[in-house]
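Shown next, in structure tokens, is the structure this report addresses.
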Amino acid sequence: MSDTVIVNEVGLRDGLQNQPVTVDTDTKARLARLLVDAGVRYLEPVSFVSPKAIPQMADAAALTPRLPADEGLHYTALVPNLKGYQLARDAGYRTVALVLSTTDTFNQRNLNMSLEQAAASCESIIAAAREDGVATRTYISGAFACPYDGPVPVSLPQQLTGRMFAAGSDEVAIADTIGAGNPKQMKDIMTPLIREYGADKFFVHLHDTRGLAAAMAWEAADLGVRRFDASVGGLGGCPFAPGATGNMATEDLVYLLESCGLKTGIDIQGLREVVTLAAEATQRPLGGRILEWMASQEKRGKTPCLW
Ligand SMILES: CC(C)(COP(=O)([O-])OP(=O)([O-])OC[C@H]1O[C@@H](n2cnc3c(N)ncnc32)[C@H](O)[C@@H]1OP(=O)([O-])[O-])[C@@H](O)C(=O)NCCC(=O)NCCSC(=O)C[C@@](C)(O)CC(=O)[O-]
């Protein structure tokens, strides 16, 4: 099992999409630069969605050419439908993230589609992307619980994952949208999926609503998952998922993984600078537990020693 982990930074997309303050394009570009300087190599900075649904993402096309172009960076754009896919492809994205939720209600609220319509829409996007040589990652949203209908059986995300792989999705991201899952559920969902498709096909996307994100991330890592989403400072949440608080903070995920011997290539001190700018831009306090601890050490005149 590899000890290298891909951490996909979704702060600029998931993190900023539901902030009451719309962060301007210039600041988003500065945040991206700081993230890359901190060692982040995978970023999901934009979504090509209806500006009426998510005004905070209306600058996706304008932001794209302003993102760092260093070698070795991997960008993903979230797309909710074929139109979004075409916009992302035309903007130059070589990987797109699709969204399929586990219930009719959630798909309806998020995409104005039934579950069946959303699944069929994902299938059309995947087919188009395959023709264009664009890679696809499909989010199975509400994999642990639906924000509207409550807990979902483990068979449901498994079945939708199978359908998306059968359609040709390159990867699947298992998402705990409202942070309602637990490590046992993680194990129950992921074990058969990993056995069937291989751990390297999966991302895990966690929200830390009830404080179990770190335990779930570690459970997934223990099962062999080496790809995670996270959001700097713990920004985030789907605007159409009541109760969705921030994503697992990138700095907490990095601390968890690195302290257990896995390699992320991301520097927590570097992330601190991103969090400072993100907090200023969103006008709210931000930061994971590890940053709180570091600040408390410094307050006592100590240099925080992480490892
Ligand atoms: C899917 C739609 C568009 C359906 O919305 P609709 O109103 O049914 O769409 P429509 O096809 O009737 O079009 C309505 C208008 O939107 C335009 N339009 C249509 N599509 C696009 C597009 N792609 N980009 C830009 N514009 C678009 C279209 O051209 C038209 O413009 P008008 O003629 O009125 O001027 C809408 O519901 C939507 O954009 N939803 C996005 C919702 C969203 O972004 N949610 C958050 C992301 S998911 C998430 O955060 C969860 C995740 C991934 O992080 C994982 C987890 O935690 O679970």
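The values are calculated or read from the model by the stated rules, or taken from the named source; none is laboratory data. Remember, it's a predicted structure, so these values are computed and weren't measured experimentally. As a convention, Cβ positions derive from the backbone with ideal geometry for all residues, glycine included, and neighbour counts pool all protein chains shown. Accessible surface is based on the protein model in full, side chains and every heavy atom, while ligands, DNA and RNA are left aside. Shrake-Rupley method; radii C 1.70, N 1.55, O 1.52, S 1.80 Å.
Would you check if Ile126 is closer than 15 Å to Leu78 by Cα, hydrophobic (A, V, I, L, M, F, W, C), open to solvent by less than 50 Å² (accessible area, probe 1.4 Å) and in contact with a Gly (Cβ under 8 Å, 6 or more places away or on another chain)? So Ile126 fits the description; yes.
Collect the residues in the range 138-171 that are assigned to a loop (DSSP other than H, G, I, E, B) and farther than 21 Å from Asn247 by Cβ, keeping them in residue-number order.
Matches in the range 138-171: Asp149, Pro153, Val154, Gly168, Ser169, Asp170.
Checking each residue in the range 43-65 for being more than 11 Å from the ligand (Cβ to nearest atom) and either in contact with a Pro (Cβ under 6 Å, 6 or more places away or on another chain) or of a type in the set (S, T, N, Q) (or both) picks out only Thr64.
Can you tell me which of Pro68, Pro55 is open to solvent by less than 60 Å² (accessible area, probe 1.4 Å) and either at pLDDT below 95 or not hydrophobic (A, V, I, L, M, F, W, C) (or both)?
Values: Pro55 fails: open to solvent by less than 60 Å² (accessible area, probe 1.4 Å).
After ruling out the rest, the residue left standing is Pro68.
Does Phe228 meet the test of being within 30 Å of Ile194 (Cα to Cα), within 16 Å of the ligand (Cβ to nearest atom) and either basic (Lys, Arg) or open to solvent by less than 10 Å² (accessible area, probe 1.4 Å) (or both)? Write out each step before concluding.
Numbers: within 30 Å of Ile194 (Cα to Cα): yes; within 16 Å of the ligand (Cβ to nearest atom): yes; either basic (Lys, Arg) or open to solvent by less than 10 Å² (accessible area, probe 1.4 Å) (or both): yes.
Criteria met by Phe228.
Give all pairs with beta carbons closer than 6 Å in which a residue from the range 94-111 that is free of Cβ contacts under 8 Å to residues at least 40 places away in the same chain meets a residue that is surrounded by 24 or more Cβ atoms within 10 Å (Cβ to Cβ) and not in a strand (DSSP E or B); count only pairs at least 6 apart in sequence or on separate chains. What qualifies is Asn107/Ala118; Leu111/Pro80; Leu111/Ala118.
Enumerate the pairs (first residue in the range 227-254 and on the phi < 0 side of the Ramachandran plot and assigned to a helix (DSSP H, G or I); second residue anywhere and hydroxyl-bearing (Ser, Thr, Tyr) and more than 11 Å from the ligand (Cβ to nearest atom)) with beta-carbon separation below 7 Å, excluding pairs fewer than 6 apart on the same chain, so at least 6 apart or on different chains. Qualifying pairs under 7 Å: Val232/Thr250; Val254/Thr264.
Determine which member of the set Val40, Val49 is open to solvent by less than 70 Å² (accessible area, probe 1.4 Å), in a loop (DSSP other than H, G, I, E, B) and farther than 20 Å from Phe228 by Cα. Let's see the steps before the verdict.
Working: Val40 fails: farther than 20 Å from Phe228 by Cα.
Step by step, each of Val40, Val49 is checked, and only Val49 is open to solvent by less than 70 Å² (accessible area, probe 1.4 Å), in a loop (DSSP other than H, G, I, E, B) and farther than 20 Å from Phe228 by Cα.
Assigned to a helix (DSSP H, G or I), within 14 Å of the ligand (Cβ to nearest atom) and free of Cβ contacts under 8 Å to residues at least 60 places away in the same chain, is that true of Ile174? Quick ask: steps written out before the conclusion?
Working: assigned to a helix (DSSP H, G or I): no; within 14 Å of the ligand (Cβ to nearest atom): yes; free of Cβ contacts under 8 Å to residues at least 60 places away in the same chain: yes.
For Ile174, the condition - assigned to a helix (DSSP H, G or I), within 14 Å of the ligand (Cβ to nearest atom) and free of Cβ contacts under 8 Å to residues at least 60 places away in the same chain - is not met.
Check whether at least one residue in the range 260-281 is touching a strand residue (DSSP E or B) at 6+ places or on another chain (Cβ under 7 Å) and among the basic types (Lys, Arg), and report yes or no. Yes, the range 260-281 contains a residue that is touching a strand residue (DSSP E or B) at 6+ places or on another chain (Cβ under 7 Å) and among the basic types (Lys, Arg).
Please enumerate the residues belonging to the range 256-276 that are among the charged types (D, E, K, R) and in a loop (DSSP other than H, G, I, E, B).
Of the residues in the range 256-276, the ones among the charged types (D, E, K, R) are 258, 263, 267, 272-273.
Passing the criteria: only Asp267.
None of Tyr139, Tyr197 is within 15 Å of the ligand (Cβ to nearest atom) and either at pLDDT 95 or above or of a type in the set (Gly, Ala, Ser) (or both) except Tyr139.
Could you tell me which numbered condition Gly150 fails, if it satisfies all but one of (1) buried (at least 19 other Cβ atoms within 10 Å of the Cβ); (2) without any contact (Cβ under 8 Å) to a residue 24 or more places away in the chain? The number of the failed condition is (1). Looking only at residues of the range 95-123 that are among the hydroxyl-bearing types (Ser, Thr, Tyr) and under 16 Å from Ser47 (Cβ atoms), we find that the one that is least open to solvent (accessible area, probe 1.4 Å) is Ser101.
Close contacts from the range 282-306, counting a first residue that is β-branched (Val, Ile, Thr) and a second that is surrounded by 11 or more Cβ atoms within 10 Å (Cβ to Cβ) and at pLDDT below 95, with Cβ to Cβ under 6 Å and a gap of 6+ residues or different chains, come to Thr282/Gln19; Thr282/Val21.
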